[in-house]
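*Asks:* Take this structure, written in C-alpha cells, and hold onto it; I'll ask about it next.
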Amino acid sequence: MPFSPLHLLLFIFSLSLLIAVVQVGAVTIAFERLGLSQNSAFLLLFASLFGSAINLPLFSIPAEAPKEPVDPELYGLLRQTYGEFQGRTLITLNVGGGLVPILFSLYLLQHNPLDLSRVAIGVAGVALISRLASRPVPGLGIGMPVFVAPVSAAALAVLLDHGQSAPLAYISGTLGVLIGADLLRLRDIARMGVPMASIGGAGTFDGIFLTGLVAVLLA
C-alpha cells in the first residue's frame, strides 16, 4: 500500500476540517481581505494542497549515501516518495509548496500597497528564523517545526505593517521559508543521502502551507 493509513486519515480529516471552516466563512472573509473571491480562495488552497504531490525537476548534484536507515514513518503521507538512492540528489521545485506560493506572493505585491523595504525585512526575518529552526534529516531532507514559520511571519507582519498584516505575513512567511529552510541549506543536501530534495516540499511544505492559512486568518 503506497499510503500510510494513519497519515491518510489525518489528511482526510484535515481536508474535511478545512472545507468546513471555509464554508462557515472564517477563512473566506480573510481571503476577501487579500482580494480573493471564495472560488479563488478554494482554488489557491487546493492548488497548494494537491500541488504538493508534483515536483518539477531542476538539476542534480553528487551526494553521499545515508549513514543510517530512515524510519518509514518520517516520509509522511507517501511512503515511497523518494525511491532508491544512487549517488546523486535531484533538486526539484514543489508545485504546491514552492511554485504556487511564489506566484501568489507576486500577485499580492502587485495588488496591495506594500512597502518593499518592509517586505524585504519580513522575508529576511523569517528566512533567518527558518534557517536556525530547520535541521537536515539524514535520508529524508530538511525538516522544520510546523508552527515556527506561521508564528514568526504573523508577529513580524503585525509589527512591520499592521494595516497590511495579512498579505505581508503570507509573503514573508512563504518566501522566508523557501529561502531560509531550502535555498540556504542546499549545501547540506549533498550530505543527507536523499535521491530527491524538493524546494518547498518534504519537511518545509507543512510550514509553508500553514503560513498561508495563518496569514489570511490575521486579516
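*Asks:* Output yes when any residue across the stretch 66-89 is modelled with pLDDT of 80 or more and surrounded by 16 or more Cβ atoms within 10 Å (Cβ to Cβ), and no when none is.
*Replies:* Yes: the stretch 66-89 contains one or more residues that are modelled with pLDDT of 80 or more and surrounded by 16 or more Cβ atoms within 10 Å (Cβ to Cβ).
*Asks:* List every residue pair whose Cβ atoms lie under 7 Å apart, where the two residues are 6 or more positions apart in sequence or sit on different chains, the first residue falls within the stretch 74-102 and is within 13 Å of residue 192 (Cα to Cα), and the second residue, located anywhere, is at pLDDT below 65.
*Replies:* The qualifying pairs are 85/66.
*Asks:* Would you point out which residue out of 96, 125, 143 is surrounded by 15 or more Cβ atoms within 10 Å (Cβ to Cβ) and at pLDDT 90 or above?
*Replies:* That would be 125, the only listed residue that is surrounded by 15 or more Cβ atoms within 10 Å (Cβ to Cβ) and at pLDDT 90 or above.
*Asks:* Now for a different question. Considering each residue of the stretch 98-119, count those that are more than 17 Å from the chain's Cα centre (by Cα) and under 25 Å from residue 188 (Cα atoms), and give that number.
*Replies:* Final tally of qualifying residues: 0.
*Asks:* Yes or no: the stretch 19-39 includes at least one residue that is within 17 Å of the chain's Cα centre (by Cα) and either over 17 Å from residue 195 (Cα atoms) or at pLDDT 70 or above (or both).
*Replies:* No, the stretch 19-39 contains no residue that is within 17 Å of the chain's Cα centre (by Cα) and either over 17 Å from residue 195 (Cα atoms) or at pLDDT 70 or above (or both).
*Asks:* Same structure, new question: Could you run through the stretch 114-167 and say how many residues are among the β-branched types (Val, Ile, Thr) and under 16 Å from residue 183 (Cβ atoms)?
*Replies:* Number satisfying all stated conditions: 4.
*Asks:* I'd like the full set of residues that are among the polar types (S, T, N, Q) and over 15 Å from residue 163 (Cα atoms), limited to the stretch 88-126.
*Replies:* 89, 92, 94, 105, 110, 117
The values are calculated or read from the model by the stated rules, or taken from the named source; none is laboratory data. These numbers were taken from a predicted model, which means no experiment stands behind them. Glycine also receives a Cβ, built like all others from the backbone with ideal geometry; neighbour counts cover every protein chain displayed.
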